[in-house]
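Read through the structure below, which is laid out as structure tokens, and then see the notes.
The values are calculated or read from the model by the stated rules, or taken from the named source; none is laboratory data. Small disclaimer: the values here were computed from a predicted structure and weren't measured. Ideal geometry is used to build each Cβ from the backbone, glycine not excepted, and the neighbour counts take in all protein chains shown.
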């Protein structure tokens, strides 16, 4: 089994340094330095009725691009579609661009691998060009393709509780096949085992530096006991985004319904008995 981190990683031998389908800005809003001026005159009442809309709002006819920059953060991040369950943009992987390379956060199911490779190729990249892959947790819709990227030489960083399941995914495969039945092969696929020299467990507060970027692991149990959020930013600056995986909430495309993906109590008790 590989060592737990804090670590520094730049596609070179690792050295230690000082002690997570969502990305949210962490840059604080500038504080107000002057008080807001009080209103000295009453607001003028509307004397004419608001014009009614005479033309319907144009519908979007242009298909979505296979990748796009997220506008909410200064950090350069391209969102990639993993087509979970065959539905566009139901789940995503995130390509984080650094001054010395690129890192991937999440990778979707094993069946998403070829589609991700095609999207990377559209950006002039191949899997072997990635400096690192960070997964928030080991569920197949987030980490099922991790072994495919590791096979191309990409180091994978994961919560310590999930490390053994990525190294030897037989139990993960058996459990997923039992849950998903005939849909498993079409929508999930078998994850590949990851060799020890490509698999790295990162404890809470551990830091990985790669491609001129800094990723810090934040313990975020709730959806799963092997769940991290990854706090990301430039290696020489403050964090600018956090990748929350499934611990915050989930929203499907073209839907306003927000679900909180916490497992039922019975599943939590079973997981505790099994030591997950």
**Complete:** (1) part of a helix (DSSP H, G or I); (2) modelled with pLDDT of 95 or more all hold for residue 214 apart from (1)
**Asked** Conditions: (1) modelled with pLDDT of 80 or more; (2) at positive phi; (3) surrounded by fewer than 18 Cβ atoms within 10 Å (Cβ to Cβ). Residue 222 meets all but one. Number of the miss?
**Response** (1)
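Please enumerate the residues belonging to segment 185-211 that are assigned to a loop (DSSP other than H, G, I, E, B) and under 20 Å from residue 139 (Cα atoms).
188, 189, 190, 191, 192, 193, 194, 195, 203, 204
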**Asked** What are the residues in segment 109-158 that are part of a strand (DSSP E or B) and closer than 21 Å to residue 219 by Cβ, if any?
**Response** 132, 133, 134, 156, 157, 158
**segment 73-103, residues that are in a strand (DSSP E or B) and at positive phi** = 101
**Request:** Search segment 179-191 for residues that are at positive phi and pair each with any residue that is surrounded by 12 or more Cβ atoms within 10 Å (Cβ to Cβ) when their beta-carbon atoms are under 6 Å apart and the residues are at least 6 apart or on different chains.
**Result:** 189/109; 189/110; 189/111
**Message:** Out of the residues in segment 225-240 meeting the condition of being part of a strand (DSSP E or B) and under 16 Å from the mean Cα position of the chain (by Cα), tell me which one is surrounded by the most Cβ atoms within 10 Å (Cβ to Cβ).
**Reply:** 228
**Asked** Do you know which of the residues in segment 73-83 that are in contact with a strand residue (DSSP E or B) (Cβ under 9 Å, 6 or more places away or on another chain) and modelled with pLDDT of 90 or more is surrounded by the fewest Cβ atoms within 10 Å (Cβ to Cβ)?
**Response** 76
